[in-house]
Amino acid sequence: MNRLEKLLSQMSIHDKIGQLTQYNAALYTKTTAEITGPKAKLGLTDEDLAAAGSILNFASVQEMKDIQDKHLQNDPNKIPMSFMMDVIHGYRTIFPIPLGLGCSFDPEIAEECSRVAAREASASGVQVTFTPMVDYVRDARWGRVMETCGEEPLVTGALAAAQIRGFHGDGMEKPGNLATCVKHYAGYGGAEAGRDYNLVEVSERELREYYLPGYKACLDAGAPMVMPSFNSLNGIPSIANPMLMQKILRQEWGFDGVVISDYNAIGELLPHGVAADQKEAAKLAFENTCDIEMCSSGYFHHLEALIKEGIFTEEQLDAAVMRVLKFKDQLGLFDDPYHGADAELAERLFLCDEHRAVVKKAAAESAVLLKNDGLLPLSEKLNKVAVIGPFADNHGINGFWSCNGKDEDTTTVLQGVTALLGDDKVVTAVGCGNLWDDNDTAGFAEAVAAAKEADAVILCLGEPQNYSGEGNCRTDLRLPGMQEELAKQVIAANPNTAVVLFNGRPLDVSLLHKIAPAILTMWFPGTEGGNAAAELIFGKRNPCGKLTMSFPHNVGQCPIYYNHPNTGRPRWRSQPDHRGYASDYIDCATLPLYSFGYGLSYSNFQYSDLILSSREMTMDSNIQVSVKVRNDSDRAGKEVVQLYMRDLVGSVVRPVQQLIAFEKISLEPGEEKTVSFTVTEEMLRFYDMEGRHISEKGDFTLMIGHADHFVLTEKFQLV
Ligand code: GLC
């Protein structure tokens, strides 16, 4: 009998159930008066709380230590609690939201950023982060697109695996590293109408093709924990869904790690209407191998009875507890219950120069230049620059899930531009400050005056950071408040206006696309966002981000995504003047305003010589593909070389384009590089009607460029 088995053998049923629960630190630290609500509502006793196995969110290292010390003094089994938190895109030094970071197409940057977050969070007492979130998305109305890497599973998987490497470091048991938890399994991003927590109805084929690969990539990268999603999937909430939790996760994928519910997700089985009471909810979750119940009390209240009634065996309980004990052992908690937490180290790490440099580079490489008529980069020799708009000097650019990041830590665009040019060359005006007020034009006159006196204008617009994120969905993707009117008046006053966007989702910027000579989206860039924006605008850095999520012309196009089928009546491939009886709209284009993989640079990259080693591939041979890329400009830059394919005929409809490989390269002025890819039969596979992951012989096209816009194509056959 090993140490953990011995431990298990001496635990009471109540002790065991305790290991399968997680509660908010506030229940342990606030006065009774402050927490009578949740505690009373949860119906938990002090014995329950003392026996709980893990803690969600806590305020400080000292608080974590106090809770841990008190627990270990009282726990007869001396099993340390584990401490978990949502360290999504930084702990205190914040990097871009994942939807932005994905646009860097740079797993190395993602790993570097996760290392920064891991060091700061681990020193602060965090042992497990509920990251990466890899939900597949197609609908910009959904607030949580900001947490994702968009509409291509290949990019999502690559960036998420890099995050896991970054967080795990040289071992999740070591100080400075965290364990990860992949979420939200599964299909959460497919919420109908882009409304959070709404139902998801998707075929198993579509689920396997697009929604599941991101989670699987994380498990393959070593994520030790999975969090099921709130949503019902094809009629059954994920946490109680046998296909998801038993057939795919535990059996097909062989995952034997810990499953933790989302916040009160077991309790939500009642409003979902699949459990009549808390006992039935606990039964559904436990039988679908949910190991830890987060912030609800079904397991404490009913699991023992369910065992006594013979619904479950104590062996099943032991199996779940053993998964949790093994996880704690993997974290090294039995040797160091504090996991190396060190408040002084944390303070030294927060916002240090090294971390600022990492997140500034990430912010710069996540930014996407959407339009540039030649206005950018601006010259530093300009006499007067106006930085205008509600985001000109706005510290609210960390994004929705910024953990312990503080808005006041961020650098604003005004600060960044002033640092570059000097006070005397910069004027500023807010224009419209209250984005909830559709009549706030009080600042327009000052803004127009500032625009008129300047040689160029940096117009900083966007959506407030709480317009995206959990529960924050929109039915209108335009700039809130009077920002569009402000843009019209400022650009009329000074055509040399570059728009800088701060956004947690693809926005409807179709008006700006018409009237602004340049548009740069920073997403929510985090701590160094203002400096990164200034360096991009003045050409200290060269934009290189590429969209991982399509920008629609307007919300009516949602959901819209690049890897779509052709339909029997493709509009954009019929005669240009063709109207009606095609898969299109009478009042809007069919393609997005900006497509997946799109992003401009100050350099000019020219592609040539797309060469295949063969025009025939067999089931066990590969094709070597090479393409030349030349930087036909006087400015060094980075380019994401994207290789797409199209399977021209399949037993099911196949997308008109699918990214199968990408490589980010740097090119000096005039430099030319040859980029090579290996195309394998595995890359051509898809899920057929029987759910088999197969490739089919036939004709394929390879394309170089970005979605909807290819510059080189070649054909080959799988024979
Ligand atoms: C939230 C989110 C989930 C998060 C959890 C713990 O409701 O859905 O992403 O990890 O609760 O904070």
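The values are calculated or read from the model by the stated rules, or taken from the named source; none is laboratory data. Bear in mind that the values here come from a model prediction, so they are computed numbers and not experimental data. Neighbour counts run over all protein chains shown; Cβ positions are idealised from the backbone, glycine included. Surface accessibility is based on the protein's heavy atoms, side chains included, excluding ligands, DNA and RNA. Shrake-Rupley method; radii C 1.70, N 1.55, O 1.52, S 1.80 Å.
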K70-S9 FRET efficiency (beta carbon distance; Förster radius 30 Å; 0.05 resolution): 0.75
Estimated vicinal HN-Hα couplings, Hz - the stretch 316-325 in sequence order (Karplus 6.51, -1.76, 1.60; Gly, Pro = x): 5, 4, 4, 4, 5, 4, 5, 4, 5, 5
M689-S583 FRET efficiency (beta carbon distance; Förster radius 22 Å; 0.05 resolution): 0.50
Relative contact order of the stretch 368-542, pairs being alpha-carbon contacts under 8 Å that are 6 or more residues apart, as %: 34 percent
Label-point separation, A445 to E682 (7 Å along Cα→Cβ), nm: 6.7 nm
Surface/4 of the Cα convex hull for the chain, nm²: 32.9 nm²
The chain - mean residue ellipticity at 222 nm from DSSP helices (-39,500 (n - 2.57) per run, n ≥ 4, rounded to 500): -7500 deg cm²/dmol
Electrostatic dipole magnitude of the stretch 449-554 [Cβ: Lys, Arg +1; Asp, Glu -1; Cα centre; debye, to 20]: 240 debye
Gain upon complete extension [Q246, K78; 0.36 nm per residue less C-alpha separation]: 57.3 nm
Calculated from backbone phi, Karplus (6.51, -1.76, 1.60) coupling profile of the stretch 12-24 in Hz, x at Gly/Pro: 6, 4, 5, 4, 4, 4, x, 5, 9, 9, 9, 10, 5
Listed residues M482, H693, F130: farthest to the positive end of the dipole of the chain (Cβ charges): H693
Rounded FRET efficiency, nearest 0.05, which uses the C-beta distance separating Q330 from A193 and R0 of 45 Å: 0.65
Relative pair counts by distance (%), Cα atoms of the stretch 605-718, 10 Å bins: 13, 44, 28, 11, 3, 0
Farthest toward positive dipole pole in the chain [+1 Lys/Arg, -1 Asp/Glu at C-beta], among S550, L56, P464: S550
Most to least packed among 186-198, 244-256, 152-164, 631-643 [average Cβ atoms within 10 Å]: 152-164, 186-198, 631-643, 244-256
Order by protection proxy (mean Cβ within 10 Å, highest first), peptides 656-665, 82-91, 450-459: 82-91, 450-459, 656-665
Karplus-derived HN-Hα couplings along the stretch 602-613 (A = 6.51, B = -1.76, C = 1.60, θ = phi - 60°), whole Hz, x at Gly and Pro: 7, 8, 10, 9, 10, 9, 7, 6, 6, 10, 10, 5
Gained length - T674 relative to K697, 0.36 nm times residue gap less alpha-carbon distance: 5.4 nm
Nitroxide proxy distance, nm - points 7 Å out along Cα→Cβ at S666 and D318: 5.7 nm
Interchain or long-range residues, amide H under 5 Å from F605's placed H: D632
Positive-end residue, the chain charge dipole about Cα centroid, Cβ charges, pick of H168, L718, Y263: L718
Sequence-separation-based contact order of the stretch 10-152, relative, with Cα cut under 8 Å and 6+ spacing, percent: 22 percent
Estimated dipole of the stretch 352-497 in Debye, rounded to 20 [Cβ of Lys and Arg +1, of Asp and Glu -1, Cα centre]: 400 debye
Unit charges on C-beta of K, R, D, E only; dipole of the chain, Debye: 1040 debye
The chain - percent relative contact order, Cα under 8 Å, separation 6 or more: 14 percent
Built amide H within the under 5 Å cut-off of A661, gap 5+: L643
Whole-number Å³ per residue for the convex hull built on Cα positions in the stretch 366-444: 149 Å³
Those residues of the stretch 455-472 whose amide nitrogen sits under 16 Å from the label point placed on N383, 7 Å along Cα→Cβ: 455-457
Set of the stretch 521-540 residues, backbone N closer than 20 Å to the point 7 Å along the Cα-Cβ line of K406: 525-531
Net charge contributed by nearby residues that have their C-beta within less than 11 Å of G157 (K/R +1, D/E -1): -1
Portion, in percent, of the accessible area of the stretch 605-718 that falls on carbon or sulfur, probe 1.4 Å: 46 percent
